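Take a look at the structure set out below.
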Amino acid sequence: MAEEKHVMTMLVDNQPGVTSRVTGLFSGKGFNIESICGCPTSDPGISRITITTKANPPVVEQIEKQLRKLVNVIKLRSLDGPKAVRRELALVCVQARGEQRTEVLRIVDIFRGKIVDAGLEHFIIEVTGEEEKIQAMLNLLEPIGIKKLSRTGPIGLIREPK
């Protein structure tokens, strides 16, 4: 069975050591975390942790069962599928000299990105969207020269009923 990317989100008690216990479960079982993002929710006593991992479906099921057993995990949901809204943020420092500047600005405009810093020979670009959108923009910027890159990995929420 082929490994696939899976994104899961969980509500946890906002207490010291909770993120460590969650990541410890992954490392203790030999599971890889591709990305992790955590922050408090509108309730200061609860945090949301979103984790991306690559595994086959039976392994993901095992991971989810183990996470649900952790005392501080309140709720766990998969962000795979059409019921989830997922977005990623990327900051990209790209080389931009002379005529390259116009090309970079055109690419940023196409992907509805934003220049958040500019120097004589660089731009730092902010772009948000689905992972595929971010990757498509990076593919166009690569030949120009990506100097630095920082990505959040996906975050998301389950859609509310209509």
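What strands (runs of 3 or more DSSP E), lying completely within the stretch 1-62, carry at least 1 residues that are surrounded by fewer than 14 Cβ atoms within 10 Å (Cβ to Cβ) and of a type in the set (D, E, K, R)?
4-13
So, LEU89, is that one aliphatic (A, V, I, L, M), assigned to a helix (DSSP H, G or I) and touching a residue at least 24 places away in the same chain (Cβ under 8 Å) or not?
In short, no.
When you check ILE74 against the structure, is it more than 20 Å from GLY153 (Cβ to Cβ) and either hydroxyl-bearing (Ser, Thr, Tyr) or without any contact (Cβ under 8 Å) to a residue 40 or more places away in the chain (or both), yes or no?
Answer is no for this residue.
Looking at the structure I just gave you, is GLU3 among the charged types (D, E, K, R) and either under 30 Å from LYS162 (Cα atoms) or at pLDDT 90 or above (or both)?
Considered against the rule, which asks whether it is among the charged types (D, E, K, R) and either under 30 Å from LYS162 (Cα atoms) or at pLDDT 90 or above (or both), GLU3 comes out as no.
All but one of (1) surrounded by 15 or more Cβ atoms within 10 Å (Cβ to Cβ); (2) of a type outside the set (D, E, K, R); (3) not in a loop (DSSP other than H, G, I, E, B) hold for THR102; which doesn't?
All conditions are met except number (1).
The values are calculated or read from the model by the stated rules, or taken from the named source; none is laboratory data. On a predicted model such as this, the values are computed, not experimentally measured, just so you know. All Cβ positions, even for glycine, are placed from backbone atoms using ideal geometry, and neighbour counts span all protein chains on display.
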